[in-house]
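Shown next, in structure tokens, is the structure this report addresses.
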Amino acid sequence: MTDADAFPGMQHQVHLLRQMARIRRFEERAVELYSATAIRGFLHLDIGQEACAVGVTEALEPDDAVVATYREHGHALARGITMRAVMAELEGKVEGVSRGRGGSMHLFDVATRFFGGNAIVGGGLPVAVGLALADKLRGLPRVTACFFGDGAVAEGEFHESMNLAALWHLPVLFCCENNRYAMGTALLRAQSEPDLAVKAAAYRVPSWSVDGMDVLAVEEAANRAVEATRFGGPHFLELRTYRFRGHSMYDPDRYRSTDEIEAWKERDPIPRLATALRDAGALDDGARGRMEEEVAAEVEDAVAFAEAGTLEPVEDLERFVTAGSGVPGAAR
Amino acid sequence: MTAVTYREAVRRALRDALATDDRVFLMGVDVGAYGGCYAVSLGLLEEFGPERVRDTPLSESAFVGAGIGAALGGMLPIVEIMTVNFSLLALDQIVNNAATYRYMSGGQMHVPLVIRMTTGAGRQLGAQHSHSLEGWYAHVPGLRILAPATVTDAYGMLAPALVDPDPVLIFEHGALYHVKGELPDDLGPVDLTTAVIRRAGGDLTLVTYGGTLPASLDAAEQLAGEGVGAEVIDLRSLRPLDMDTVLASVARTHRALVVDEGWRSGSLSAEVSARITEQAFSDLDAPVGRVCSAEVPMPYAKHLEDAVVPRAAGVVAAARRLGA
Ligand SMILES: Cc1ncc(C[n+]2csc(CCOP(=O)(O)OP(=O)(O)O)c2C)c(N)n1
Ligand SMILES: [Mg+2]
């Protein structure tokens, strides 16, 4: 089935559900591959937070830009990078979106204007400001959506970037995925002012706080915020969300109670939308099952693609350091 | 030929870059209304307006990062940082982002950014405005590091740096700004990859760059009076290093002395020395010598500051110790 076959008027919601399911199943499969050691290094999962990536990227135009963090599989997939290219990257293959040089934390794609994959907390924010500055100087009506976590709000780069974007009226949409923890540090243990919207207000950046477990709410807010940003300078979107898994595959999750995690799982954005669609008669169990099968097939295709992928020849190790590097005779 | 100061040469280069390419803009703290903390950009705001000569708030990380983003977004930014010591607040952006994007993205992205900053001692500015940290940046793959020591290079390096598709850091030694030199009217394209022999000599190779070129030339003059021919090589580019020029000279002179205002430990001078030893050991008649800054934070008092940085007398004495 295609989402266009769904109940008239609800195709778009069905599409949102599919996008979230794609991210969820992709990452669940990545966990298996991690256990099987096909994927190594840090692997940060979006599981539980999918509505944020999907809702915001849906509101963007193809020419807009995305700057993300190390927790960006969802953003990359939602933005339109293929599962194949992301999975191959996770497996370190040359067919990966960053040729195996980036890995899970550094997905880049020029075609979708996806500017990483930044693993320095707060490090992407100044770059997003600069992308927006370029658009402004070039007279291009584009928006740069910059994702970061609640932890990044404590970094100086957050404050410097908010100030600069506001001072220069640059079209940056600051998207804070507030999942209440920065690794093991709860927000209340890190922020003297835990209401993040208040911080945005200090820079005269208008803000919205949204239920990040509800993709329709995220999308609606993002639609407003993106258009407001495009013509009115920076805006701040606080997406209140929760990660169901540990910070990374290494995290034993000692700092949260099972009760807390289970309570948040009650608000899982995927069953939440699926149930609403079923209740509205837009997606019955059969259609939902078929969607899951199609998503599973896409994931398996991506895994097969990654496994069949090739390794960059070691002789090419020094390519892409600078424009001419890695070719014989290049100066070092 | 016109005689101009190093400062005027940089300013002229900036003006020409702004005038010839719409994508170029200059930003940094006090580059506009103030005219630049070393008056390098004086008058450019009036000429090109606040969109292209942008005063930034004090936020080194944000405006250097914004330069990176703007470069990714199709512009050719020139970012000025007042002093190398302040660039440490932007180290994250320079080392983690500018230097890595091409590689991390598998060659999809590149950062055509120029960052200029002042380096070095000599003006009694103490321990937070006077250090020579360019050697640290020369450690980092993905960056090109330039150190113009002459008026010609101060003018001529900017245009090719802007053409370079990768990030370029230009270190302007603060003590050079007032130095005058001849700027040829018909200066052709300046090569960024090669070192230059500033004075020929057959008995000893002095390898230096930036702020210590004048002292090295003075030392060579004094040594000539003693019948010792010192060849003075200006590295110009600290990354990549043009070792071919250095090694060819050492093959002739059999003695090498590295003069560097950076500290000795873990330094650029250590790198140059190691490469000479690795690649030209059999050419050497003496161990490679080094004249570097004393290993102290820069003191304020004039006599103490003078005692820290390499001076001609120290270079001459070190040359004698090499048996030249
Ligand atoms: C500058 C910096 N400091 C520390 C780290 C280690 N680290 C990686 S993620 C993280 C927590 C960030 O939390 P948050 O911004 O809330 O994002 P989340 O992981 O919750 O998505 C930390 C401390 C880092 N990558 N960068
Ligand atoms: Mg968090």
request  = Select from the range A:163-211 the residues that are within 13 Å of ligand 2 (Cβ to nearest atom) and charged (D, E, K, R) and list them in ascending order.
outcome  = A:Glu177, A:Arg180, A:Arg189
ask   = What do you reckon, is A:Ala323 within 14 Å of chain B (Cβ to nearest Cβ), at pLDDT below 95 and surrounded by 13 or more Cβ atoms within 10 Å (Cβ to Cβ)?
value = no
request  = Could you tell me which numbered condition B:Ala154 fails, if it satisfies all but one of (1) assigned to a helix (DSSP H, G or I); (2) at positive phi?
outcome  = (2)
request  = Determine whether A:Gly124 is under 20 Å from the mean Cα position of the chain (by Cα) and within 16 Å of ligand 2 (Cβ to nearest atom).
outcome  = yes
ask   = Where residues in the range B:201-216 are of a type outside the set (A, V, I, L, M, F, W, C) and within 22 Å of B:Gly174 (Cβ to Cβ), which of them is most open to solvent (accessible area, probe 1.4 Å)?
value = B:Pro214
query = Out of all the residues in the range B:55-79, which are more than 8 Å from every other protein chain (Cβ to nearest Cβ) and either of a type in the set (S, T, N, Q) or open to solvent by less than 10 Å² (accessible area, probe 1.4 Å) (or both)?
reply = B:Ile78, B:Val79
remark   = Residue hits (the range A:150-168; at the interface with another protein chain (Cβ under 10 Å from one of its Cβ atoms) and part of a loop (DSSP other than H, G, I, E, B)) are A:Glu155, A:Trp168
ask   = Only one residue in B:Ile197, B:Ile170, B:Ile115, B:Ile145 is surrounded by fewer than 24 Cβ atoms within 10 Å (Cβ to Cβ) and not charged (D, E, K, R), so which one is that?
value = B:Ile197
note = Reported set for the range B:102-112 where residues are of a type outside the set (A, V, I, L, M, F, W, C) and either open to solvent by less than 10 Å² (accessible area, probe 1.4 Å) or facing chain A (nearest Cβ under 8 Å) (or both) is B:Arg102, B:Tyr103, B:Ser105, B:Gly106, B:Gly107, B:Gln108, B:His110
message = Among the residues that make up the range A:25-47, is at least one of them within 14 Å of chain B (Cβ to nearest Cβ), within 16 Å of ligand 2 (Cβ to nearest atom) and surrounded by 22 or more Cβ atoms within 10 Å (Cβ to Cβ)?
response = no
request  = Look through A:Ala221, A:Ala306 and report the one residue that is within 28 Å of A:Ala132 (Cβ to Cβ), small (Gly, Ala, Ser) and open to solvent by less than 10 Å² (accessible area, probe 1.4 Å).
outcome  = A:Ala221
task = Those residues that are within 20 Å of the chain's Cα centre (by Cα) and more than 16 Å from ligand 2 (Cβ to nearest atom), I need them from the range A:145-161; list them, please.
result = A:Ala145, A:Ser161
message = From the list A:Ala68, A:Ala134, exactly one residue is touching a Pro at 6+ places or on another chain (Cβ under 9 Å), within 14 Å of chain B (Cβ to nearest Cβ), under 27 Å from B:Pro77 (Cβ atoms) and not charged (D, E, K, R). Which is it?
response = A:Ala134
query = Within the range A:178-194, can you find the residues that are closer than 14 Å to A:Arg240 by Cα and open to solvent by less than 30 Å² (accessible area, probe 1.4 Å)?
reply = A:Asn178, A:Asn179, A:Tyr181, A:Ala186, A:Leu187
Residues of the range A:172-187 that turn out to be within 6 Å of ligand 1 (Cβ to nearest atom), of a type in the set (A, V, I, L, M, F, W, C) and assigned to a strand (DSSP E or B), as a count = 1
request  = Taking A:Val129 as the residue in question, decide whether it is open to solvent by less than 10 Å² (accessible area, probe 1.4 Å), within 11 Å of chain B (Cβ to nearest Cβ), more than 19 Å from A:Phe320 (Cβ to Cβ) and over 16 Å from the mean Cα position of the chain (by Cα).
outcome  = yes
ask   = Would you call A:Arg142 more than 25 Å from B:Leu89 (Cβ to Cβ), touching an Asp or Glu at 6+ places or on another chain (Cβ under 8 Å) and either away from ligand 2 (no atom under 16 Å from the Cβ) or within 14 Å of chain B (Cβ to nearest Cβ) (or both)?
value = yes
query = How about the range B:258-305: which of its residues are among the basic types (Lys, Arg) and over 16 Å from B:Leu247 (Cβ atoms)?
reply = B:Arg264, B:Arg290, B:Lys302
Test: residue in the range A:147-164 that is more than 18 Å from B:Ile68 (Cα to Cα) and away from ligand 1 (no atom under 15 Å from the Cβ) = no
ask   = Applying the selection to the range B:30-53, what residues are within 13 Å of chain A (Cβ to nearest Cβ) and either open to solvent by less than 10 Å² (accessible area, probe 1.4 Å) or at pLDDT below 95 (or both)?
value = B:Val53
message = Among the residues of the range B:84-101, are any within 7 Å of another protein chain (Cβ to nearest Cβ), touching an Asp or Glu at 6+ places or on another chain (Cβ under 9 Å) and in contact (Cβ under 8 Å) with a residue 60 or more places away in the chain?
response = no
request  = Mind listing whichever residues of the range A:91-115 are more than 7 Å from every other protein chain (Cβ to nearest Cβ) and within 16 Å of ligand 1 (Cβ to nearest atom)?
outcome  = A:Gly103, A:Ser104, A:Met105, A:Leu107
remark   = Filtering the range A:227-248 down to residues that are under 15 Å from the mean Cα position of the chain (by Cα) and β-branched (Val, Ile, Thr) yields A:Thr241
Set B:Asp191, B:Asp203: member being of a type in the set (Asp, Glu) and outside the structural domain of B:Ser249 (by TED's automatic domain parsing) = B:Asp191
key: Every pair of residues 6+ apart whose Cβ atoms lie under 7 Å, when the first sits in the range B:230-250 and is within 13 Å of another protein chain (Cβ to nearest Cβ) while the second is among the aromatic types (Phe, Trp, Tyr)   = B:Leu235/B:Tyr209; B:Arg236/B:Tyr209; B:Leu238/B:Tyr209
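The values are calculated or read from the model by the stated rules, or taken from the named source; none is laboratory data. Bear in mind that the values here come from a model prediction, so they are computed numbers and not experimental data. No Cβ is skipped: glycine too gets one built from the backbone with ideal geometry, and neighbour counts run over all protein chains shown. To get the accessible areas, we keep the full protein, side chains included, count just its heavy atoms, and leave off ligands, DNA and RNA. Shrake-Rupley method; radii C 1.70, N 1.55, O 1.52, S 1.80 Å.
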